[in-house]
Every structure is written in structure tokens, then in C-alpha cells.
1. Rolling a 1.4 angstrom probe over the protein heavy atoms, how many square angstrom per residue are accessible across the range 48-147?
2. Over its Cα atoms, what ratio of radius of gyration to 2.2 N^0.38 Å does the range 152-323 give?
3. Under 5 Å between amide hydrogens, which residues at least 5 positions from G85 or on another chain qualify, with H placed 1.01 Å from N in the peptide plane?
4. Say R0 is 30 Å: what FRET efficiency, to the nearest 0.05, do K318 and A149 get from their beta-carbon distance?
5. Taking the Cα centre as origin and putting +1 on Lys and Arg beta-carbons and -1 on Asp and Glu beta-carbons, what dipole magnitude results for the chain, to the nearest 20 debye?
6. Take every Cα pair under 8 Å in the range 48-147 that's 6+ residues apart, average their separations, divide by the length, and report that relative contact order as a whole percent.
7. Using 0.36 nm times the number of residues separating V28 and Y260, minus their current alpha carbon distance, what extension gain do you get?
8. As a test of the formula, what do you get for the chain when each DSSP H run with n ≥ 4 contributes -39,500 (n - 2.57) and the sum is divided by the residue count, at 222 nm and rounded to the nearest 500 deg cm²/dmol?
Amino acid sequence: MKISKIGEFGLIEQVIAPEFKELVKKHVTGIGDDCSIIPISQEKAHLFTTDMLVENTHFLRNKIAAYQLGFKSLAVNLSDIAAMGGQPLASYLSIGLPKDMEVEWMEEFMRGYKDLSEDEEVPLLGGDTTSSRDAIVINVGVTGEMARANIKRRSDARPGDIVCVTGNLGDSAGGLQVILDELPEDQVSGRLLDQHLTPYPHVSEGLWLARNQGVHAMIDVSDGIGSDLQHILKASGLKGHINLEQLPMSLELQQQARIYNWNPLELAISGGEDYVLLVTIHPDQFDQTAASFRKHFNRELYPIGHLDRGEPGITYLKDQKEVRDLKEGYQHF
Ligand code: ADP
Ligand code: MG
């Protein structure tokens, strides 16, 4: 059987994860959340996450500057620590490079990696360097820690919760479209490209949200809310309702969508790589949490729908009516 038949998540759930169920100790969270969680004391837990970027799958060498790729390689991993509500502690960088790469390329890559490391005060503590025949392959791991009481698992959502996001959706997908269709670069398309090439992980937002007891489940938006919300729904055994008119989309995305005839809703739902956080909050605590979030970050916490008891799955609504046939998120294979 070809792996394309069972897909990325089928492969993880049916082939990779079951082999290790018995080896995982009580109170340890393994495969299935944004990070693994290992308790290290009564109060604290250790977090670890790792993510890979492969040339021609995740990026095109001549369409992303080395600086941007270095920045993004760390950013996508910090985003998974943010999704638990953790504090990142250190990173590890493994990289496979074709022999004919320029040292200057790697210097620029490291400059991008370092700038984000400095911003977030996360040192690089190790890794591995090897040659690769053709493709650049990058794997970053990040460790973190947090109070066990504040951990926000995908399985922590409850019926009635309001579903929110910490930023705009679809900009990154719009940026990718600009690259793939070789559209002209101007101020507007440049904003979308920036979101795609150097997404800023919501680590501070994650830490802040995790301290709020009304916040239940969190995940970062790496594959698009259509796919990422589904993970929360499956892990929590709930049903989701998303109001399409509430999805936050930048003016830049809306403008480019009009010009190039994109469906902005599809980009917002299935584009992915936005690296904002998708959060579920107790309905009685939403207003107060959103108000303090606005005060603290000078940005909105956008409500986009709610959860209910029922079969895991998402219903998309526009003017209270169900909308079908929307594309729902990226899957490898
Ligand atoms: P994320 O987008 O948050 O990085 P993924 O969707 O990539 O998460 O992965 C889902 C879960 O499966 C995560 O818990 C991840 O650690 C785990 N996982 C993915 N691939 C593997 C693998 N090859 N071996 C073990 N665990 C894996
Ligand atoms: Mg994640």
C-alpha cells in the first residue's frame, strides 16, 4: 500500500504511534500534541518539539532568502512551544547541505536564525551538520518548560467554548500564491510575502493565554484552521461551528484576492502556515479575556465560532446558513 493512501496523519496514527503506546509512562504526553510533555517535578513540565523543512516541499531555494529561511526554521518550532503555552529554553539545529552551497548562504541563514533567537532569548545549544546530495534539509528541535497547571492540550476543549485566533488568517497562503504565480512585488503583496517567509511565532501570546484559567485548548495554525481545529475536535470529542464572516483577514489579502480572483476564505481556512494560535475559551470568560488581551498586546483576540457536543467535524456557516465544499487544510502525501 502506498503511503499516499493513508496520508500524513494516517501514517502517524496507524504506523508510527501505536508501536510506542506501552513505552510511554503515565503523566507523559507523547505523539498527538504540539509538543511532548514530560513532568520534571510536581509543578513543572519539560516540553520538546521538532519540525522539518525540506527543499522543494516546504520552500524553493531561489524564492526564499537564506536569512528568511533561517528565521522561519526556528519560528515554526517556537510556534509549537507557544501552542502549549510554554517558555522556550533552547534550540537544536540539524542541517543537510549540498556540497556546492556557498558559505555566505549559511552565514545569512544563521543571521536570520540568530535574530529570532535573540528576540526570544533562546540559545542554540547543539545540532548536526551533514552533506546532502541535492536538497537542503533542515530539522530544528526546541525545548521548553512550563507550569503543569497551565498546560493547554488539544484535548482540553469543552462544549460551549468560543473558538478564537490570535491574528489574521490566510496572509501566508496569499504570500505563497504571490511566489508560485510570480506576481509583482509591491507594498501590498510584500506584506503577504513577509507573513509567509518570516512568520513571527506567538510565544508571548501563548504564555499569556496559558495563565488564564478560562482558556482551555490551544494549537498553532500550521496547516490551516480547517485541519488544525479538527485536531482539537478529535482530541476533545467535540463538534465545531465556524462563522465565515468572522474570520480575520488583512486588507492586503482581501485586496489581492479581488485583483487575482482568489477565494480568500479558502486561503484563510486551508492555506496554513499562519502560525497564529487557535484557542478555545469558556464562553463566560471570553469577553474579559479578549479585553485584557487587547490591553496587553494592543491587538485583537478574534472569536470565529464555537464548540458543541457531537461527532468531531466542522460546520462552516455564513449568515447562519451552512456552506459546503470548502477546502480544508494541508496534508502531506
Ligand atoms: P505540528 O504541526 O504541531 O508540528 P504535526 O501535525 O506535524 O504537529 O504532528 C502531529 C503529531 O505527530 C505531533 O505530536 C508530532 O510530534 C507527531 N509526529 C509527527 N511525525 C512523527 C514521527 N515521524 N515520529 C513520531 N511522532 C511524530
Ligand atoms: Mg503545532
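The values are calculated or read from the model by the stated rules, or taken from the named source; none is laboratory data. Predicted, not measured: the structure shown is a model, and the values here were computed from it. Backbone-built Cβ (ideal geometry, glycine too); neighbour counts: all protein chains shown. The area values use the complete protein model at the heavy-atom level, side chains included, leaving out ligands, DNA and RNA. Shrake-Rupley method; radii C 1.70, N 1.55, O 1.52, S 1.80 Å.
1. With the other protein chains kept in place, the range 48-147 gives 45 Å² per residue.
2. Cα-based Rg divided by the globular estimate yields 1.01.
3. none
4. Calculated value: 0.15.
5. 1040
6. 48
7. 78.7 nm
8. Roughly -10500 deg cm²/dmol at 222 nm, from the helical runs in the chain.
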